[in-house]
Amino acid sequence: MTSLLHLRRDAAQATIDVFNNTLFDWGKRDCIRLAAFNLKQLGYKPALARGGYYTSARGALRALKRAGFDTTLEAMDSMRCPRIAPAAALMGDVIAYSHPSMEMAALGVAVGNGRVLAFVEEDGGRCHVIDGHRTLAKAGVAAVAWRCDPRTA
């Protein structure tokens with residue numbers, strides 16, 4: 001029998017394998033697709049990406065609205081995963097971070113030891129693993145996370 005820890009590890013690793021070192025591309029390789037892919041690996045049917053195709057930040061917001069949400073936070077709350085402090089995130093949990101200059105909160109995936117797989121604007125929009133807590137605090141962003149336990153049934 002596979003433990004929940006192994007399911008978390010496998011989901012996080014699959015997400016890293018698909019997204020690590022890729023360039024941000026609205027509607028194809030972005031934080032919404034990253035989180036939705038990870039959630040699928042954990043057995044969820046995420047509503048994050050149900051709003052259809054988009055090619056810009058404004059388009060992503062319209063797609064969220066078409067899916068029935070005003071924000072990425074609202075979309076994540078619909079998954080019925082409890083909110084937790086980002087410092088308590090385990091592998092596979094989803095972390096949202098926002099900054100006053102951002103139109104909407106960005107999403108990343110906890111990969112263990114305080115690290116987060118995320119698209120990094122300062123790195124040309126490349127997705128990679130960052131020291132999440134230190135990087136987010138240094139950038140002055142607010143963060144929230146969700147405990148996304150694997151669904152085994």
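Which one of the conditions (1) within 16 Å of Leu107 (Cα to Cα); (2) open to solvent by 10 Å² or more (accessible area, probe 1.4 Å); (3) of a type in the set (A, V, I, L, M, F, W, C) does Leu4 fail to meet, given that it meets all the rest?
(1)
Yes or no, residue by residue, for (1) touching a helix residue (DSSP H, G or I) at 6+ places or on another chain (Cβ under 6 Å); (2) acidic (Asp, Glu); (3) modelled with pLDDT of 95 or more:
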residue	(1), (2), (3)
Leu4	no, no, no
Asp17	no, yes, yes
Asn20	no, no, yes
Lys40	no, no, yes
Gly59	no, no, no
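Contact list please: Cβ distance under 6 Å, first residue in segment 121-132 and more than 17 Å from Gln13 (Cα to Cα), second residue not hydroxyl-bearing (Ser, Thr, Tyr), pairs at least six apart or on different chains.
Gly125/Leu23; Gly125/Phe24; Gly125/Phe119; Arg126/Leu23
The values are calculated or read from the model by the stated rules, or taken from the named source; none is laboratory data. This is a predicted model, so every value here is computed, not measured. Using ideal geometry, Cβ is built from the backbone for each residue, glycine included, and neighbour counts are taken over all protein chains shown. For accessibility, only protein heavy atoms count, side chains too; no ligands or nucleic acids. Shrake-Rupley method; radii C 1.70, N 1.55, O 1.52, S 1.80 Å.
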